[in-house]
Amino acid sequence: PNLRKTVDDRAGRLDKEEVYAEIVNRLHHLKDKGDFAGIHMCAESEDIADEDEARLVVLSPNSAHKKESQLSEALIKAKQILENRGNIPRQYRNMLVFLVADFDVIATLNADVRRYLAWQSVVDDKEALNLDAHQGRQANENLATSDKTVNIRLNEAYIWLLVPTQEGTKQITIEAKRVTKGEGTFISRASRQIRNEELLIIR
């Protein structure tokens with residue numbers, strides 16, 4: 001019980017920046033590219049190339065989307081990136097598609113990341129905390145379980161595709177599509193889905 005209280009206390013004391021940094025770090029470690037020429041993780045508009053190649057932009061967890069919302073942080077951010085690269089108007093707007101997190105799942109992900117980081121700090125400080133062998137094993141087991149939970153939750157969080165579409169010369173609109181469940185990372189599932197729906201033409 002004392003060990004769990006220590007973890008709860010430490011989880012509660014973590015600041016938002018530490019939690020955010022852990023999520024971004026895990027996103028950057030994903031190697032999957034799907035059918036895209038490039039993946040941009042949590043990048044700003046000036047860092048996203050304006051070239052004749054299809055690119056997937058994975059927005060940061062701070063820019064999440066809420067179902068049926070027309071003014072979500074994700075939509076606002078996607079529109080900014082789509083219109084400009086830095087201060088220059090973007091030319092190849094039909095080459096970007098966005099993958100973003102669900103607003104409701106992000107809260108759960110943040111809580112799970114807090115627990116993971118708290119268990120990590122307990123394992124790191126086991127000598128200072130004077131843990132016995134049993135408590136040490138318990139801390140390591142909980143850390144491993146917590147690590148897996150965070151990875152599962154991350155895969156569950158990124159479920160919205162924001163796909164820019166245009167009819168003729170009308171204004172570009174961004175359509176939100178839910179990524180279908182299935183095998184693989186959220187990147188491979190998103191890639192497979194828009195290829196099957198012929199929103200991404202790879203030939």
Is it the case, given these coordinates, that residue 84 is of a type in the set (S, T, N, Q), in contact with a Lys or Arg (Cβ under 7 Å, 6 or more places away or on another chain) and at negative phi?
yes
Of all residues in the stretch 153-188 being in a loop (DSSP other than H, G, I, E, B) and touching a residue at least 40 places away in the same chain (Cβ under 8 Å), the one that is surrounded by the most Cβ atoms within 10 Å (Cβ to Cβ)
158
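So how many residues does the stretch 10-46 have that are out of contact with any Lys or Arg (no Cβ under 8 Å at 6 or more places or on another chain) and open to solvent by 20 Å² or more (accessible area, probe 1.4 Å)?
Matching residues across the stretch 10-46 total 21.
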The residue from 102, 15, 35 that alone is closer than 21 Å to residue 200 by Cα and among the acidic types (Asp, Glu) is 35
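Mind checking whether some residue in the stretch 52-72 is in a loop (DSSP other than H, G, I, E, B), touching a Gly at 6+ places or on another chain (Cβ under 9 Å) and either surrounded by fewer than 18 Cβ atoms within 10 Å (Cβ to Cβ) or at pLDDT below 95 (or both)?
yes
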If you take the residues of the stretch 87-96 that are without any contact (Cβ under 8 Å) to a residue 60 or more places away in the chain and either among the hydroxyl-bearing types (Ser, Thr, Tyr) or part of a helix (DSSP H, G or I) (or both), which of them is most open to solvent (accessible area, probe 1.4 Å)?
92
Tally the residues that are open to solvent by 20 Å² or more (accessible area, probe 1.4 Å), part of a loop (DSSP other than H, G, I, E, B) and touching a residue at least 40 places away in the same chain (Cβ under 8 Å), restricting the search to the stretch 97-139.
2
Filter the stretch 189-203 down to residues that are free of Cβ contacts under 8 Å to residues at least 60 places away in the same chain and on the phi < 0 side of the Ramachandran plot and give me whichever is most open to solvent (accessible area, probe 1.4 Å).
203
Any residue that is under 19 Å from residue 186 (Cβ atoms) and not in a loop (DSSP other than H, G, I, E, B) - is there at least one of those in the stretch 2-13?
no
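The values are calculated or read from the model by the stated rules, or taken from the named source; none is laboratory data. What you see is a predicted model; the values in this text were computed from it and never measured. No Cβ is skipped: glycine too gets one built from the backbone with ideal geometry, and neighbour counts run over all protein chains shown. Please note that ligands, DNA and RNA were not included when accessible areas were found on the heavy atoms of the full protein model with its side chains. Shrake-Rupley method; radii C 1.70, N 1.55, O 1.52, S 1.80 Å.
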